[in-house]
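The values are calculated or read from the model by the stated rules, or taken from the named source; none is laboratory data. Source: prediction; values computed, not measured. Note that each Cβ is placed from the backbone with ideal geometry, even for glycine, and that neighbours are counted across all protein chains shown. Heads up: the accessible areas ignore ligands, DNA and RNA and are worked out on the full protein's heavy atoms, side chains in. Shrake-Rupley method; radii C 1.70, N 1.55, O 1.52, S 1.80 Å.
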Amino acid sequence: DYKGTFFNAKIRFMIKFFSLIDLLAIIPFYIGLSSSSGSHSSWAAIRVLRLIRVTRIFKFGAHSHTISILFESLSASSSAFIMLSIFLFCYILIMGSLMYECEKDEPNTAFKSVFESFWLAISTVTTG
């Protein structure tokens, strides 16, 4: 009787939607290991199923008190994040434009366009 219950539970687990998605997502990897051809582009559509597996993380929020507190704190401070993003965008816009205007006429300059100076402003802000 115990074996029947055990195997029924295993079968119920294997036919769940996310279990089938997991199986379909890892099949191309193992087929690619066993095949001798170098082209795996035909499996690209099936690899999208790996992204569906990521959505399983969101199910943990309902079961974990810590994750629910994290989401509550992030949603409570969303206005601060928006304000920070606006200030950061304005800083990058102003500093990138100033760097381009100051350096555009110099020989051997790294700033060949405004967008390259924006990139330097972004990397300066993010790396300290």
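Take the conditions of a type outside the set (A, V, I, L, M, F, W, C), over 30 Å from residue 18 (Cβ atoms), modelled with pLDDT of 90 or more and loosely packed, with under 10 Cβ neighbours inside 10 Å and apply them to residue 97. Does it pass?
On the way: of a type outside the set (A, V, I, L, M, F, W, C): yes; over 30 Å from residue 18 (Cβ atoms): yes; modelled with pLDDT of 90 or more: yes; loosely packed, with under 10 Cβ neighbours inside 10 Å: no.
Here the answer is no, as residue 97 does not meet what is asked.
Considering the conditions (1) open to solvent by 80 Å² or more (accessible area, probe 1.4 Å); (2) modelled with pLDDT of 90 or more, residue 59 is excluded by exactly one of them, (2).
Tallying residues that are part of a loop (DSSP other than H, G, I, E, B) and either within 13 Å of residue 94 (Cα to Cα) or open to solvent by less than 70 Å² (accessible area, probe 1.4 Å) (or both) within the stretch 109-124 yields 3.
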